[in-house]
Amino acid sequence: MQDAFSGGWAREPHLSAEQLSSVSGLNRRFLDLAGKGVLSSGLGARLTPLLPSQRAAVADCPYALFDLRFQDDAHWSGRLAGGLRVADEPSVDEDTLDFVRLALFYTWHVASSAGLAAHLLLGMRAKTVDAFRHVSVDALPALAATEAVNLTPRWSQHSAYWNALISAAARPDPLALRRVQLSGLQLAAAVQLPSEPREV
């Protein structure tokens, strides 16, 4: 079932099969991490009843299920412009740090490629994408050490989305799951809209 969904998502013109496969793998790692109760979001308790195949179905979305403040241009412009100091490194568990290293490498790779992939997959704004394009790969480990505390489920304030996604994955109804996954694309688009109405 997962291959069928990946193939369907891969037909999106701005996303490659490799990008989708990688984000799905990162989503699985993130959900496994959340399932250990490492994150304070409460997501772990909702994931516990799911079978491994159901958790993999949750992960198979055409976007990241994790967030590292990717919509926050001010945060990332400061961090990526040399605002990294060893003294800033918070104490986090090794599993979280390992995940954030992978996630940031993926973020850097996707942002470095042309197109809209970083916007679609990660919800990044244009300034943050541009800032990541100008960071060298050897800066990522230090960045992971300082940013690990910012790891959260994407759209953590939208419990209806998470409840629907987990419920749909728990049932043998691939179309219901696909509908919920599509609603995540709507959430991603809504986040990109300006927060205040523009004057005409």
*Portion, in percent, of the accessible area of segment 43-155 that falls on carbon or sulfur, probe 1.4 Å*: 59 percent
*Note down the magnitude of the dipole of the chain about its Cα centre, charges +1 on Lys and Arg C-beta and -1 on Asp and Glu C-beta and zero elsewhere, to the nearest 20 debye.*
460 debye
*Crossing angle, helix 174-192 versus the chain [Cα axis fit, 0-90 degrees, rounded to tens]*: 30 degrees
*What relative contact order, as a whole-number percentage, does segment 17-88 give when Cα pairs under 8 Å and 6 or more residues apart are counted?*
33 percent
*the chain: longest stretch without exposed trypsin sites (Lys or Arg not before Pro) (DSSP loop, at most 11 other Cβ within 10 Å), sites themselves excluded?*
86-197
*Taking the convex hull of Cα positions in segment 36-82, its mean projected area over all directions (nm²)*: 4.8 nm²
_Cα-based convex hull, segment 125-200, per residue volume (Å³, whole number)_ = 169 Å³
*Can you work out the accessible area per residue across the chain, with the rest of the protein chains kept in place, probe 1.4 Å, in square angstrom?*
51 Å²
*Match the structure shown to one of the listed values [x] 0.96; [y] 0.93; [z] 1.02 of Rg/Rh (Cα atoms, Kirkwood Rh), computed from it, and give that label.*
[x]
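The values are calculated or read from the model by the stated rules, or taken from the named source; none is laboratory data. These numbers come from a predicted model, not from an experiment. Using ideal geometry, Cβ is built from the backbone for each residue, glycine included, and neighbour counts are taken over all protein chains shown. For the accessible areas, the whole protein counts, side chains as well, though only heavy atoms, and no ligand, DNA or RNA atoms are used. Shrake-Rupley method; radii C 1.70, N 1.55, O 1.52, S 1.80 Å.
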